[in-house]
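This report refers to the structure that appears directly beneath it.
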Amino acid sequence: MSLFARREFQCAFAAVSYLAGRREAELLEPFTAPHLEARALQSRLTHPERERRAEALARELSRLASSLEARAIK
């Protein structure tokens with residue numbers, strides 16, 4: 001499986017794209033076949049309530065930071 005098809009990559013991409021100002025369909029635009037969990041994250045990041053969007057973004061960024069930290073330690 002290519003890196004671009006992995007859930008982890010697609011979710012991290014969507015979260016960082018959101019931070020960069022992308023919204024809605026733009027979050028997963030580069031992927032021809034977005035992973036189901038990446039689509040779920042995209043949905044959470046477009047929730048009408050700001051607090052819900054913030055929770056979803058914080059959760060995904062925390063996962064990304066943990067992953068990066070684990071790689072740096074090795």
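Where a number appears in this text, it was derived from the coordinates with a stated rule and is not lab data. Just so it is clear, the structure is predicted and the values come from calculations on it, not from any experiment. Positions of Cβ are generated from backbone atoms using ideal geometry, with glycine treated the same way; all protein chains shown enter the neighbour counts.
For the range 15-31, the Karplus equation 6.51 cos²θ - 1.76 cosθ + 1.60, evaluated at θ = phi - 60°, returns couplings of 5, 5, 4, 4, 4, 7, x, 6, 9, 6, 5, 4, 4, 10, 3, x, 9 Hz by residue, with Gly and Pro reported as x. Check each of the GluC sites (Glu not before Pro) in the range 40-74 and keep only those in coil by DSSP with at most 13 other C-beta atoms within 10 angstrom; list them in order. Answer by residue number: 49.
Taking a cut-off of 14 Å, what percent of all Cα-Cα pairs in the chain are separated by more than that? It works out to 58 percent of all Cα pairs.
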